[in-house]
Amino acid sequence: MIFLSIGSNLKSFWGSKIDNIHKCINLISKFSKIKDISKFYKTPSYPNKLFPNFVNVIIKIEFYSNPYKLLKNLKLIEKYMGRLNNTKNSPRVCDIDIIDFNGLVINNKDLYLPHPNMHKRNFVLYPLKDVSPDWHHPVTNKNIDFLTKNLSRSSHIEITRIR
């Protein structure tokens with residue numbers, strides 16, 4: 001399976017952060033099959049907690065091409081949704097990351113799979129557990145329960161399920 005993390009910490013033309021995520025999922029459904037959607041989670045913006053809070057979800061999809069084509073499609077959606085190539089980690093209407101693409105391991109200048117920091121991020125692990133409670137990291141083979149339990153104490157406290 002393929003897992004995408006979708007986040008938003010700015011309102012937009014489409015409405016709230018949650019509206020942005022729904023719009024994004026709708027656009028992704030035009031070229032892939034949505035298999036599952038996690039609950040919605042709110043977390044502080046990372047690494048600058050002075051920025052607006054994020055709302056995040058994980059979606060499980062089927063996509064019948066390669067991860068580079070998927071990445072290209074996702075970047076087009078981010079641009080369409082109003083994401084600018086601003087400073088790294090700046091507030092944004094839409095942020096989409098490929099977390100896992102059928103267990104592939106890729107490390108090059110264009111693409112890193114699985115996502116290199118996903119095992120440290122509460123806003124990835126908690127929703128990933130919603131849609132795939134038996135998931136294992138393709139490199140470390142650690143299961144989702146192990147990874148969530150090994151998050152920092154603040155990572156457990158700072159995340160709130162909102163739907």
Which of the peptides 12-25, 127-140 is most tightly packed, and how do the rest follow, going by the mean number of other Cβ atoms within 10 Å of each residue?
12-25, 127-140
Relative contact order (%) - region 2-161, alpha-carbon pairs under 8 angstrom, separation at least six
28 percent
How high is the relative contact order of region 14-57, in percent, with contacts defined as C-alpha pairs under 8 Å that are six or more residues apart?
35 percent
Which entries in the list Lys17/Lys39; Lys79/Lys109; Lys88/Lys149 go over 25 Å, if you measure between the two C-alpha atoms of each?
Lys88/Lys149
Label-point separation (nm) for Lys39 and Ser65, each offset 7 Å from Cα along Cα-to-Cβ?
3.5 nm
For every helix of n ≥ 4 consecutive DSSP H residues, a contribution of -39,500 (n - 2.57) applies; sum these over the chain, divide by its total residues, and give [θ] at 222 nm rounded to the nearest 500 deg cm²/dmol.
-8500 deg cm²/dmol
Options (i) 15.9; (ii) 18.6; (iii) 16.6 are given for Kirkwood radius over Cα pairs in Å, and the computed one is (i)
Report the calculated FRET efficiency for Asn26 and Lys75 (r = Cβ-Cβ distance, R0 = 22 Å), to the nearest 0.05.
0.80
Efficiency by 1/(1 + (r/R0)^6): what FRET value for Thr160 and Val139, r their Cβ-Cβ distance, R0 = 35 Å, to the nearest 0.05?
0.75
Taking 41 Å as R0, compute the FRET efficiency from the Cβ-Cβ separation of Val105 and Leu50 and round it to 0.05.
0.70
How about Lys142: which lysines have a C-alpha closer than 17 Å to its C-alpha, ignoring those fewer than 8 places off in the same chain?
Lys120, Lys129
Unit charges on C-beta of K, R, D, E only; dipole of region 2-161, Debye
360 debye
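Rule-based calculations on the coordinates, nothing more; no lab input. A quick note: this is a predicted structure, and the numbers were derived from the prediction, not measured. Here the Cβ is made from the backbone with ideal geometry for all residues, glycine too, and neighbour counts use every protein chain on show.
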